[in-house]
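Novice: Supplied in structure tokens, the structure appears directly below.
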Amino acid sequence: MTSTSRRAGPLTRRAHTAARPGELTAQTAAIAGGPKAKTVPYGAGKRFGPEELQQLKEALDQNTLFYAFGKKTAQFKAAWSAYTGVKHVITTSSGTAALHCAVAAAGVGVGDEVVTAPITDLGSVIGVLYQGAVPVFADLDPHTYMMTAESIAKVLTKNTRAVIVVHLAGNCADMDPIVKLCKKHKLVLIEDCAQSFGARDAKGRLAGTFGAFGCFSTNDFKHISTGDGGMVVTNNDGLALKAQLFSDKAYRRDGSPNNPEFLAPNYRMTELQAAVGIAQIAKLPKIVARRRQIGDRFTERIAGLPGLSAHGVKKGFCCTYWFYMFCIDEKKLGATRKEFVKAVAAEGITLSLGYIDRPVYRYNLFTDRNILRHSEFPLTNKELKRRYEYPEGLCPVAEEIIATACRLPVNEFFTDQDTEEVCEGLEKVVHHFQSKNQ
Ligand SMILES: *Cc1c(COP(=O)(O)O)cnc(C)c1O
């Protein structure tokens, strides 16, 4: 029993009160006829309340909802600048738009390569492709699921112009070596922080404040919501102007005549979204603190379970868990991932098969080479005599993560009871399969 006695409480207790085979106890997995670990519905709450309503009323009372005329966008920008400590904020209609603005302002165009992550939202690469550039995928760390300076260095070529680091699932990537690498190779560093509001490195620096640009999404599924929306932050005056112009048809909103110098979409946020955003930013510190607490608690109890490897966070870093993703070793666990997820579901616990079912580069638009239609451009560039391929096995670690990951939802409204019951259910299921296979 020496190996189990070092583990967390419930495991040790169970070792001492081991049931006879076939006997049903509170520790029997639900799938084997035991009681469900989850005894009450998950905690829930209202994300929007009187604070948002007051802001919306003020926005409507202005008699304009245009971002350049009303006060709400300006207030929202000031609040986001204060939260991040970054000088300029550009508001956009989505996180995808924010990233597209950053990519365009970085000067990314035809013939350029942009390094990014294989496990992410398609929004990380949409802007790259629309600018006629190609995404190149850097593999991930198997524990934190983050791109690393080493994995980025491996895929750099003379055509690389920018790097989009994706801070996945609430983690903050290890940025110091990445910043150094980008400086050395004169690459524009863009951070995709859509899933990592409030995430910090060991020195307490916020994700989104290391690179030339930090990009955020406030779509309805993120830490804070404006329905849809996004922000770009940058300390560089020139880059801020370019990103601003790209978000609004390259029109100037300072009274000077319009004479667009480049093709730019309309990615404007309205005063209504900004109004809701002001109230949401005020709630963000509590949201990230609570999510961190819940995720770190999952890790405390999952880390000791055989066959499960916890959502990795680098020592001293602050992860704000957009979701909690652990990986399983089917051999050590004695069950397939599907069997495991089914058994956990029987406990009344929400658990999904990972985050996405394939790396971004295996989506049809890449495998069919069908980006802009009627041509394989930019994946095939006849002029430059280049052809980009995205075969299976391109990023083996990422593919392994996708094949073995299980995802627990994290929500700031979850109670301590929710967290403990989820952990108890996972422990029960792990022991169920372990004892079955002894
Ligand atoms: C959500 C998300 C985006 C895109 O944000 P939208 O607002 O939905 O366009 C981009 N990158 C990552 C990592 C995301 O999670």
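The values are calculated or read from the model by the stated rules, or taken from the named source; none is laboratory data. Note that this is a predicted model, so its numbers are computed, not measured. So basically every Cβ, Gly included, is an ideal-geometry build from the backbone, and we count neighbours across all protein chains shown. For accessibility, only protein heavy atoms count, side chains too; no ligands or nucleic acids. Shrake-Rupley method; radii C 1.70, N 1.55, O 1.52, S 1.80 Å.
Novice: Of these, Glu420, Glu424, which one is surrounded by 19 or more Cβ atoms within 10 Å (Cβ to Cβ), at pLDDT 95 or above and closer than 25 Å to Ala44 by Cα?
Specialist: Result: Glu424 is the single residue among Glu420, Glu424 that is surrounded by 19 or more Cβ atoms within 10 Å (Cβ to Cβ), at pLDDT 95 or above and closer than 25 Å to Ala44 by Cα.
Novice: Okay, next question. Might you check whether a residue that is surrounded by 24 or more Cβ atoms within 10 Å (Cβ to Cβ), farther than 24 Å from Ala97 by Cα, under 16 Å from the mean Cα position of the chain (by Cα) and more than 12 Å from the ligand (Cβ to nearest atom) occurs anywhere in segment 140-155?
Specialist: yes
Novice: May I ask you to verify whether Leu53 is part of a helix (DSSP H, G or I), open to solvent by 60 Å² or more (accessible area, probe 1.4 Å), away from the ligand (no atom under 16 Å from the Cβ) and more than 19 Å from Ala207 (Cβ to Cβ)?
Specialist: It is true that Leu53 is part of a helix (DSSP H, G or I), open to solvent by 60 Å² or more (accessible area, probe 1.4 Å), away from the ligand (no atom under 16 Å from the Cβ) and more than 19 Å from Ala207 (Cβ to Cβ).
Novice: Are any residues in segment 208-222 surrounded by 24 or more Cβ atoms within 10 Å (Cβ to Cβ) and within 11 Å of the ligand (Cβ to nearest atom), and if so, which ones?
Specialist: Across segment 208-222, the qualifying residues are Cys215, Phe216, Ser217, Thr218.
Novice: Keeping to segment 77-99, report how many residues are within 16 Å of the ligand (Cβ to nearest atom), of a type in the set (A, V, I, L, M, F, W, C) and not in a helix (DSSP H, G or I).
Specialist: Residues meeting the conditions: 2.
Novice: So the check is Cβ under 6 Å with 6+ separation or different chains; which pairs have a first residue in segment 401-424 that's among the aliphatic types (A, V, I, L, M) and a second one that's buried (at least 17 other Cβ atoms within 10 Å of the Cβ) and part of a strand (DSSP E or B)?
Specialist: Going by the 6 Å Cβ cut-off, the qualifying pairs are Ala405/Met325; Ala405/Cys327; Leu408/Tyr324; Val410/Phe323; Val410/Tyr324.
Novice: Anything in segment 237-259 that is closer than 16 Å to Leu99 by Cβ and either surrounded by fewer than 10 Cβ atoms within 10 Å (Cβ to Cβ) or touching a Pro at 6+ places or on another chain (Cβ under 7 Å) (or both)? List them, or say none.
Specialist: Once the filter is applied, which keeps residues that are closer than 16 Å to Leu99 by Cβ and either surrounded by fewer than 10 Cβ atoms within 10 Å (Cβ to Cβ) or touching a Pro at 6+ places or on another chain (Cβ under 7 Å) (or both), segment 237-259 yields nothing.
Novice: Let me ask something else about it. From Ala74, Ala102, which residue is part of a helix (DSSP H, G or I), more than 19 Å from Phe210 (Cβ to Cβ) and more than 9 Å from the ligand (Cβ to nearest atom)?
Specialist: Ala74
Novice: Moving to a separate point now. Is at least one residue of segment 369-390 outside any helix (DSSP H, G or I), crowded, with 18+ Cβ neighbours inside 10 Å and hydroxyl-bearing (Ser, Thr, Tyr)?
Specialist: Scanning segment 369-390 turns up at least one residue that is outside any helix (DSSP H, G or I), crowded, with 18+ Cβ neighbours inside 10 Å and hydroxyl-bearing (Ser, Thr, Tyr).
Novice: Hey, does segment 314-325 have a residue that's more than 16 Å from the ligand (Cβ to nearest atom), outside any loop (DSSP other than H, G, I, E, B) and not hydroxyl-bearing (Ser, Thr, Tyr)?
Specialist: Within segment 314-325 (the criterion being more than 16 Å from the ligand (Cβ to nearest atom), outside any loop (DSSP other than H, G, I, E, B) and not hydroxyl-bearing (Ser, Thr, Tyr)), the answer is yes, since at least one residue qualifies.
Novice: Moving to a separate point now. Would you be able to say whether some residue in segment 106-113 is under 19 Å from the mean Cα position of the chain (by Cα) and surrounded by 21 or more Cβ atoms within 10 Å (Cβ to Cβ)?
Specialist: no
Novice: Scan (1) under 29 Å from Arg369 (Cβ atoms); (2) over 16 Å from the mean Cα position of the chain (by Cα) for the single condition Val125 breaks and write down its number.
Specialist: Result: Val125 passes all but (2).
Novice: Any chance you could count how many residues in segment 61-71 are in a helix (DSSP H, G or I) and surrounded by 15 or more Cβ atoms within 10 Å (Cβ to Cβ)?
Specialist: 0
Novice: Looking at Val165, Val188, which one is away from the ligand (no atom under 11 Å from the Cβ), of a type in the set (Val, Ile, Thr) and closer than 25 Å to Val134 by Cα?
Specialist: Among Val165, Val188, only Val188 is away from the ligand (no atom under 11 Å from the Cβ), of a type in the set (Val, Ile, Thr) and closer than 25 Å to Val134 by Cα.
Novice: Within segment 336-352, track down each residue that is out of contact with any strand residue (DSSP E or B) (no Cβ under 7 Å at 6 or more places or on another chain) and closer than 25 Å to Glu392 by Cα.
Specialist: If the condition is that a residue be out of contact with any strand residue (DSSP E or B) (no Cβ under 7 Å at 6 or more places or on another chain) and closer than 25 Å to Glu392 by Cα, then Thr336, Lys338 are the ones that fit.
Novice: Of Val233, Val179, which residue is buried (at least 24 other Cβ atoms within 10 Å of the Cβ) and either of a type in the set (A, V, I, L, M) or away from the ligand (no atom under 11 Å from the Cβ) (or both)?
Specialist: After applying the criteria, what remains is Val233.
Novice: When you scan segment 395-416, do you find a residue that is over 21 Å from the mean Cα position of the chain (by Cα), more than 16 Å from the ligand (Cβ to nearest atom) and either within 29 Å of Pro285 (Cα to Cα) or not in a loop (DSSP other than H, G, I, E, B) (or both), even just one?
Specialist: Yes, segment 395-416 contains at least one residue that is over 21 Å from the mean Cα position of the chain (by Cα), more than 16 Å from the ligand (Cβ to nearest atom) and either within 29 Å of Pro285 (Cα to Cα) or not in a loop (DSSP other than H, G, I, E, B) (or both).
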